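Below is one structure, written out as structure tokens; the observations come after it.
The values are calculated or read from the model by the stated rules, or taken from the named source; none is laboratory data. The structure displayed is predicted, hence computed values, not measured ones. When we count neighbours, we look across all protein chains shown, and the Cβ atoms used for this are built from the backbone with ideal geometry, even at glycine. When the accessible area is computed, the model is the full protein with side chains, heavy atoms only, and any ligands, DNA or RNA have been set aside. Shrake-Rupley method; radii C 1.70, N 1.55, O 1.52, S 1.80 Å.
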Amino acid sequence: ASVIAQLVEELSPHVESFQPYLFTTLCRAHEASAEGYIDGPMRRLQLALAASCTWLLVMIGRTIGYQRLNAEVIWEWSGGDELWVVVLAKCSLSLHEMALSAPDTPLRGLLMPPDLPQLQEAVAGAIL
């Protein structure tokens with residue numbers, strides 16, 4: 001667990017620089033989907049980005065235990081950025097549904113976190 005915690009700590013600055021691009025692309029994909037103009041490649045990109053957000057929370061949840069993944073932990077890890085909290089929560093809570101709507105994606109099988117239900121329960125409890 002300490003190796004994972006160290007890895008998460010080392011990844012944090014990189015995730016921070018990745019945030020604006022991830023958020024922008026997810027917003028564009030969401031808007032295209034809402035307007036009915038989203039195609040297969042954009043759905044797969046949207047799913048891949050949502051999965052990356054979800055796996056970040058999975059790493060934290062597996063490291064500290066999902067029972068301890070609460071609002072304070074997510075807030076601390078997000079650096080107090082409420083928008084980032086919402087993006088992480090939305091991605092993790094809607095990942096399964098996104099995977100069902102994305103054609104030809106490997107994220108339906110082995111790349112889907114097997115503990116997604118525990119993560120979703122913890123995230124829903126943390127944000128409500």
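Restricting segment 56-80 to residues that are among the aromatic types (Phe, Trp, Tyr) and in contact (Cβ under 8 Å) with a residue 12 or more places away in the chain, which is least open to solvent (accessible area, probe 1.4 Å)? Spell out how you get there, then give the answer.
Applying the first criterion (among the aromatic types (Phe, Trp, Tyr)) to segment 56-80 yields 66, 75, 77.
Keeping just the survivors that are in contact (Cβ under 8 Å) with a residue 12 or more places away in the chain gives 66, 77.
Working: Tyr66: 40, Trp77: 57 Å².
Looking at residues that are among the aromatic types (Phe, Trp, Tyr) and in contact (Cβ under 8 Å) with a residue 12 or more places away in the chain, I get Tyr66.
Scan segment 113-126 for residues that are assigned to a helix (DSSP H, G or I) and open to solvent by 90 Å² or more (accessible area, probe 1.4 Å) and jot them down.
The initial filter retains those residues of segment 113-126 that are assigned to a helix (DSSP H, G or I), namely 116-126.
Residues satisfying the conditions are Gln118, Glu121.
If I ask for residues that are touching a helix residue (DSSP H, G or I) at 6+ places or on another chain (Cβ under 9 Å) and among the small types (Gly, Ala, Ser), which ones from segment 66-88 would you list?
Residues satisfying the conditions are Ala71, Ser78, Gly79.
For segment 1-43, enumerate the residues that are part of a helix (DSSP H, G or I) and either basic (Lys, Arg) or in contact with a Ser or Thr (Cβ under 6 Å, 6 or more places away or on another chain) (or both).
Start the filter on segment 1-43 by keeping residues that are part of a helix (DSSP H, G or I), which leaves 2-34, 40-43.
Answer for segment 1-43, where residues must be part of a helix (DSSP H, G or I) and either basic (Lys, Arg) or in contact with a Ser or Thr (Cβ under 6 Å, 6 or more places away or on another chain) (or both): Ile4, Ala5, Arg28, Arg43.
If you scan segment 13-35, which residues turn out to be exposed (fewer than 12 other Cβ atoms within 10 Å of the Cβ) and at pLDDT below 80?
Pro13, His14, Ser17, listed by residue number.
Under the condition of being open to solvent by 60 Å² or more (accessible area, probe 1.4 Å) and either out of contact with any helix residue (DSSP H, G or I) (no Cβ under 9 Å at 6 or more places or on another chain) or not in a loop (DSSP other than H, G, I, E, B) (or both), which residue from segment 94-112 is nearest to Leu57 (Cα to Cα)? I'd like the intermediate steps shown before the answer.
Initially, segment 94-112 is screened for residues open to solvent by 60 Å² or more (accessible area, probe 1.4 Å), giving 96-97, 100, 104, 106, 108, 110-111.
Add one more test, that the residue is either out of contact with any helix residue (DSSP H, G or I) (no Cβ under 9 Å at 6 or more places or on another chain) or not in a loop (DSSP other than H, G, I, E, B) (or both), and what stays is 96-97, 100, 106, 108, 110.
Details: His96: 15, Glu97: 18, Leu100: 21, Pro106: 20, Arg108: 18, Leu110: 17 Å.
So the residue we want is His96.
Here's a check for you: in segment 36-55, which residue that is farther than 19 Å from Asp104 by Cβ and at pLDDT 90 or above is surrounded by the most Cβ atoms within 10 Å (Cβ to Cβ)?
Thr54
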